[in-house]
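A.B. asks: Following this message is one structure expressed as structure tokens.
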Ligand SMILES: Nc1ncnc2c1ncn2[C@@H]1O[C@H](COP(=O)(O)OP(=O)(O)OP(=O)(O)O)[C@@H](O)[C@H]1O
């Protein structure tokens, strides 16, 4: 990893409320890589929005430091924060557009605040509306647009002052899956074509899967996992991450499914292979094929595409002479052992149980 563009160092944030202090973040240390798309995932109340507000200086940490592009902004005044605000664009779940203004004026708004000349403003807004595919809607109002189009206006506005960092706080949570895919594709273009560092805050693993290079998992104000998306998807350490993953990756069979699989595969040994690279799994199956006397069938699971490859969870039914089946189960253990730290491939039911 290169130099982090944002460095969060032992940050805690406590809010004083009438019913007592609320610790929104507890000793969080986290780096965001410049030029990457990073995601922060967590359930409601995990501390995601608080983290975003610390990055753009809307909140100050109770302790610890927030360093943006080498500058500690933790104790900055409003005046000191001004240049940072134009360098960090922000998009929101509810779009936050000005309904009484045209699309053009919404996008031009930050440029007016930054006192751009009329000519520069016009050129920039024209360029941005073309980039987000809304040139023909410049003179309409937000209430005439669909949710996806409104978010595109939000994105154009966020990019107006040419920020190098874009914070997207639940930017697709109000959108249907198809529209979400369009907005995520746009965020990828912003990252790839404009070189903008994108930080996506979400409670949806599907958003992480489809665009994030890196992911950090927050729970109850604690950072419980951080790393490359591929690594975390292949080796989820915490139960929370596993739960998030189970929403998108083929799950391990539950007790009822296991019962059904046993009924449908009498005499077979069922082996569960968690979160393994699809290519490694394919190679392992080819090896099993060479054992000759073992027949195998994938009876449960699924494969997902993540940045840089495919990962899957599989349950395999093995049948044949017991010693060969044991050997085959061992081979599956070996590939999963490469994939997960605890080598947690398990034989969930052996042929002898039936
Ligand atoms: N200004 C505030 N005053 C008091 N408590 C706050 C404030 N902001 C956040 N909190 C509390 O801090 C905790 C973390 O909130 P935060 O909004 O950061 O979580 P989140 O992960 O973004 O959740 P959500 O997705 O629901 O917004 C919650 O318990 C919340 O009630």
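Nothing in this text is a laboratory measurement; each read-out follows from the coordinates by a stated rule. This one's a predicted model, so the numbers in the text were calculated from it and none came from an experiment. Cβ coordinates were reconstructed from backbone atoms using ideal geometry, including for glycine residues, and neighbour counts include every protein chain displayed.
A.B. asks: Quick one: helix 147-159 against the long Cα principal axis of the chain, what's the angle to the nearest 10°, folded into 0 to 90?
C.D. replies: In the chain, helix 147-159 runs at an angle near 60 degrees to the longest axis.
A.B. asks: I've got another one for you. Counting only C-alpha contacts under 8 Å and six or more residues apart, can you give the relative contact order of the chain as a whole percent?
C.D. replies: Answer for the chain is 16 percent.
A.B. asks: Of 109, 104, how do they rank once you tally other Cβ atoms within 10 Å and put the fewest first?
C.D. replies: The most exposed by this proxy come first: 109, 104.
A.B. asks: Suppose the chain between residue 17 and residue 60 were pulled fully straight at 0.36 nm per residue; how much longer would it get relative to their current alpha carbon spacing?
C.D. replies: Result for the pair: 13.9 nm of gain on full extension.
A.B. asks: Taking a temperature of 25 °C and a viscosity of 0.890 mPa s, what whole-number D in µm²/s does Stokes-Einstein yield for region 1-99 with Rh from Kirkwood over alpha carbon pairs?
C.D. replies: For the chosen part, D equals 168 µm²/s.
A.B. asks: Antiparallel versus total DSSP beta bridges in the chain: what percent is that, nearest 5?
C.D. replies: Within the chain, antiparallel bridges account for around 70 percent of the total.
A.B. asks: At a Förster radius of 25 Å, what calculated FRET efficiency corresponds to the Cβ-Cβ distance of residue 231 and residue 164, to the nearest 0.05?
C.D. replies: On the way: r = 26 Å, r/R0 = 1.03.
Rounded to the nearest 0.05, the efficiency is 0.45.
A.B. asks: Can you compute the FRET efficiency between residue 98 and residue 174 using 1/(1 + (r/R0)^6), with r the Cβ-Cβ distance and R0 = 22 Å? Round to the nearest 0.05.
C.D. replies: 0.80
A.B. asks: How far, in degrees from 0 to 90, does helix 118-131 lean away from the longest principal axis of the Cα atoms of the chain, to the nearest 10?
C.D. replies: The answer is roughly 20 degrees.
A.B. asks: Working from the alpha-carbon coordinates of the chain, get Rg over Rh, Rh being the Kirkwood radius.
C.D. replies: Details: Rg = 24.5 Å, Rh = 22.7 Å.
Rg divided by Rh gives 1.08.
A.B. asks: Let me ask something else about it. Between region 196-239 and region 128-179, what's the alpha-carbon centroid distance in Å?
C.D. replies: 24 Å
A.B. asks: Can you give me the angle between helix 177-194 and the longest principal axis of the chain, using Cα atoms only, in degrees from 0 to 90, rounded to the nearest 10?
C.D. replies: Result, in degrees: 70.
A.B. asks: For a quick protection proxy, order the peptides 292-298, 78-84, 35-41 by their average other-Cβ count within 10 Å, most packed first.
C.D. replies: The peptides rank, most packed first, as 35-41, 292-298, 78-84.
A.B. asks: Going from the alpha-carbon gyration tensor of region 255-337, what semi-axes, largest first and in whole Å, does one get by taking the root of 5 times each eigenvalue?
C.D. replies: So the three semi-axes of region 255-337 are 21, 17, 9 Å.
A.B. asks: Pop the C-beta distance of residue 9 and residue 293 into the FRET formula with R0 = 56 Å and round what comes out to the nearest 0.05. Kindly include the intermediate steps, with their values, before the conclusion.
C.D. replies: Numbers: r = 58 Å, r/R0 = 1.04.
Efficiency, from the Cβ-Cβ distance: 0.45.
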